[in-house]
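These notes concern the structure reproduced below.
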Amino acid sequence: MRLFLRFVLLVILTPALCTGGGIKAPETAGEEDAPRYAAALMQGFSYTPDSDLRFTMASFSAQLDYEDVFPQKAPETLKFKVELSGGASTEPSGKFMGSVNMFAVKYLDPLSRPGIRVFCEGGIGLIYQDFRVEGQGLRYNFNPQLGIGAEFERPRGNDLFSILRLHHVSNADLHEDNTGINSVVLVFGRYF
């Protein structure tokens, strides 16, 4: 539990210490609906089936207004994000990993403060791993994720963000061997 709390503090406080100023309301409604692009680094630590797996990935994402993707009325605080990631495991050493994921992102404005905008996200995607844990039947798997994060405004733009995610890897019983991998993932990134 202490390790989890340290991760949460690290995810929220590190970018806050590196930023200044406050989150400004968009000047026009169209500015809030404009696509946003980001780059990030991720560090993952497995907790089941064991704690021996570690990985590092780089990601690129595009965040769009939810109504631009799905033709239905949606709250202004609901966004859609597509993320492409690639990297490698550090335990076992140097094995390639790559994923493509999509997320619904909901900004939690009642929890937000000047300079910090809190959000939660949930989504699913596909992941390839150049390794398998014991009992894992496939190298291609599904990759559901759930996270909470915050954006931190910088005075000159290129806002920073950090996310704490629960990350699952499973083949959804497409193979008789379906040992899943559960990890905690720390994400640090920047919009450009």
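Cβ-Cβ below 9 Å, separation at least six or inter-chain, first residue in segment 35-60 and in a loop (DSSP other than H, G, I, E, B), second of a type in the set (Phe, Trp, Tyr): which pairs?
From residues that are in a loop (DSSP other than H, G, I, E, B), the pairs are Ser51/Phe45; Leu53/Phe45; Leu53/Phe131.
Tally time: how many residues in segment 161-187 are surrounded by 16 or more Cβ atoms within 10 Å (Cβ to Cβ) and under 18 Å from Met97 (Cβ atoms)?
The total comes to 14.
I'm told Asn158 meets every condition in (1) polar (S, T, N, Q); (2) buried (at least 18 other Cβ atoms within 10 Å of the Cβ); (3) modelled with pLDDT under 95; (4) farther than 19 Å from Asp50 by Cα except one. Can you identify the failing condition by its number?
Exception for Asn158: condition (2).
Taking the options Gly94, Gly115, Gly44, name whichever one is at positive phi and crowded, with 17+ Cβ neighbours inside 10 Å.
That would be Gly115, the only listed residue that is at positive phi and crowded, with 17+ Cβ neighbours inside 10 Å.
Considering only residues that are among the polar types (S, T, N, Q) and surrounded by fewer than 16 Cβ atoms within 10 Å (Cβ to Cβ), look in segment 52-76 and name the one that is farthest from Arg36 (Cα to Cα).
Here the answer is Thr56.
Please enumerate the residues belonging to segment 76-105 that are among the polar types (S, T, N, Q), farther than 16 Å from Arg165 by Cα and touching a residue at least 24 places away in the same chain (Cβ under 8 Å).
Of everything in segment 76-105, those that are among the polar types (S, T, N, Q), farther than 16 Å from Arg165 by Cα and touching a residue at least 24 places away in the same chain (Cβ under 8 Å) turn out to be Thr77, Ser89, Thr90.
Does segment 134-192 hold any residues that are of a type in the set (Lys, Arg) and within 15 Å of Val105 (Cβ to Cβ), and which are they?
Listed by number, the list holds a single entry, Arg165.
The values are calculated or read from the model by the stated rules, or taken from the named source; none is laboratory data. The shown structure was predicted, so the numbers you read here are calculated from the model rather than taken from an experiment. Virtual Cβ from ideal backbone geometry, glycine too; neighbours counted across all protein chains shown.
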